[in-house]
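This report concerns only the one structure given below.
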Amino acid sequence: MSTSMLVANMQKAAASDNIDVDIFATASSGIDDAMEEQNPDVLMLGPQVRFMEKDLKGRLDIPVEVIDIRDYGTMNGEKVLQTALGLINQA
């Protein structure tokens with residue numbers, strides 16, 4: 001539920017900033033399917049699944065980053081959105 005709230009806050013921030021993005025969440029068990037179906041430019045992991053980061057970075061050719069625990073805890077959609085966009089721009 002908290003991830004869905006963060007996604008909603010990220011979508012609101014994107015709309016407020018006039019940024020056209022597609023933001024979605026999936027269960028950790030559905031990451032591989034989501035990668036094939038959605039073809040994202042970046043993968044942001046919730047702090048609770050940070051243990052998956054190394055494996056995913058080794059298998060994927062897109063930026064993979066764990067969301068800062070403070071930003072996740074405060075549901076700071078603007079900050080997480082800007083982090084994701086920054087990772088895309090660096091790639």
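Rule-based calculations on the coordinates, nothing more; no lab input. Predicted model only: the values in this text are computed from it and were never measured.
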- Message: If I take every Cα pair under 8 Å that is 6 or more residues apart in the chain, average their sequence separation and divide by the length, what percent do I get for the relative contact order?
- Response: 37
- Message: Rg/Rh for the chain to two decimals, with Rh computed the Kirkwood way over all alpha-carbon pairs.
- Response: 0.93
- Item | Using alpha-carbon coordinates, inclination of helix 2-16 to the longest axis of the chain, degrees | 50
- Message: Below 29 Å, Cα to Cα, which lysines can residue 12 reach? Residues fewer than 8 away in the same chain don't count.
- Response: 57, 79
- Query: Summing -39500 (n - 2.57) over the DSSP H runs of n ≥ 4 in the chain and dividing by its residue number, what mean residue ellipticity at 222 nm do you reach, to the nearest 500 deg cm²/dmol?
  - Reply: -15500 deg cm²/dmol
- Query: Could you give me the ³J(HN,Hα) list for region 31-37, computed from phi with Karplus coefficients 6.51, -1.76, 1.60 and θ = phi - 60°, whole Hz, x at Gly and Pro?
  - Reply: 4, 4, 5, 5, 4, 6, 7
